[in-house]
Amino acid sequence: MDSNATDKTYILYTDGHLLNPKLKNTNIDFIGGTNTGKCNLKIRSFSSVDEGSYTCKFWSRGSDAHYNVYNVQLKNSPVVEITRRPTELKLILICNPSGNPANYTLGDWEHWSEFREHIRNLEGTPDGTLTFLKSSNRLHETDGIYKCKALNGIHGTNGHLYQIGTSLKLRQETIKTQDISHDVNVTVSGIKITFQLTLDKIEDFTNYTIKACNEMGCNELTAKITFANRPEPPTNVSVISFDRNLAVSWCPGYNGGFPQTFFVEYQAENEEIWKLSGPVIDNRKIRMSKILYDITPNTRYYVRICGLNYTDITFNEAPTMQDAVIHGSVDRTIYSEID
């Protein structure tokens, strides 16, 4: 069985009924054998790194080879966000679900009071918008919290098919503020708008853009909200051996709310001191890599990755430690154990 899950070039996973020995201590298992007549590939803790095409090649007696190709992708329930689009005559709320598969069914909008009392259900448009017309004789009956619901057939971690997004709750009041007029600090009237945010999930810590408009135009301000914590350990560490260097790649963990950098530590089997290579700046891509030079041929090396922001430092846990043997000839296998 072959796979292109981690590279555009197909990788040999099994040879007959035997698992590629270079996949030892990874998340790949082979189940079956000639005694059972079964041949199953098991991928534990499947992640986006394992997505791709898997090809099973087999023969029947007296016939040519047959191929079965399986395209494997993660499916996840929608994450729902609501955006506001104010115009001169109306206010439009837009329900923006994102998930896989991307075929969504939108439910009714829900109108709640600021004290979590359900007021009514509202039917929006098929494309997920809800429109309010502006009026000079403004009543407060439309004030409150608005929620939209979306499903794509995949249950969320909360066990529900429908996933709910909540628009921002705001409070508006007239205030006096300061401004500069002809180099003089003067008092002017203004409007203070207070947004109340509930930050109880990692995805809530992001950039929030506030856009204000009047008849003269618009202006906006972006506020970045970060969660102070140490970064999560890197995962899915892989080592590729070349003639005199190692190519190390990994998947970054959550950065803890601050920019993070990575360091690669490596140690020859007969040495006691770890050597340090880096830093590698987080580029916010799924996989990152670092080349280790001046590697001694025919030597086994241990490799580990650490992530660092100014809050704390974290290493990938011991079970993900990689080891590799460097041969005198060029070896471009992607597996982290090289015999």
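The values are calculated or read from the model by the stated rules, or taken from the named source; none is laboratory data. Only a predicted model underlies this, so the values are computations on that prediction, with no experimental measurement involved. Neighbour counts run over all protein chains shown; Cβ positions are idealised from the backbone, glycine included.
Below, the figures for the structure above:
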| quantity | calculated |
| --- | --- |
| Residue within segment 124-137 that is surrounded by 11 or more Cβ atoms within 10 Å (Cβ to Cβ), over 26 Å from Glu220 (Cα atoms), at pLDDT 80 or above and within 30 Å of the chain's Cα centre (by Cα) present | yes |
| Options Asn214, Asn229, Asn207; residue that is at pLDDT below 85, surrounded by fewer than 16 Cβ atoms within 10 Å (Cβ to Cβ) and in contact with a Ser or Thr (Cβ under 7 Å, 6 or more places away or on another chain) | Asn207 |
| Residue within segment 287-296 that is touching a Pro at 6+ places or on another chain (Cβ under 9 Å), modelled with pLDDT of 85 or more and closer than 24 Å to Phe205 by Cα present | yes |
| Asp50, sole failed condition from (1) of a type in the set (D, E, K, R); (2) exposed (fewer than 13 other Cβ atoms within 10 Å of the Cβ); (3) outside the structural domain of Phe132 (by TED's automatic domain parsing) | (2) |
| Cβ-Cβ under 9 Å pairs, at least 6 apart or on other chains, segment 188-203 side assigned by TED's automatic domain parsing to the domain that holds Gly144, far side basic (Lys, Arg) and modelled with pLDDT of 75 or more | Val188/Lys176; Ser189/Lys176; Gly190/Lys176 |
| Residues of segment 59-95 that turn out to be closer than 25 Å to Leu133 by Cβ and assigned to a strand (DSSP E or B), as a count | 13 |
| Top-ranked residue of segment 248-286 - restricted to ones that are touching a Lys or Arg at 6+ places or on another chain (Cβ under 7 Å) and acidic (Asp, Glu), ranked as modelled with the highest pLDDT | Glu265 |
| Of residues in segment 269-284 being under 26 Å from the mean Cα position of the chain (by Cα) and among the charged types (D, E, K, R), the one nearest to Val248 (Cα to Cα) | Asp282 |
| Extreme residue, farthest from Cys39 (Cα to Cα), among residues of segment 65-92 that are among the polar types (S, T, N, Q) and under 24 Å from the mean Cα position of the chain (by Cα) | Thr83 |
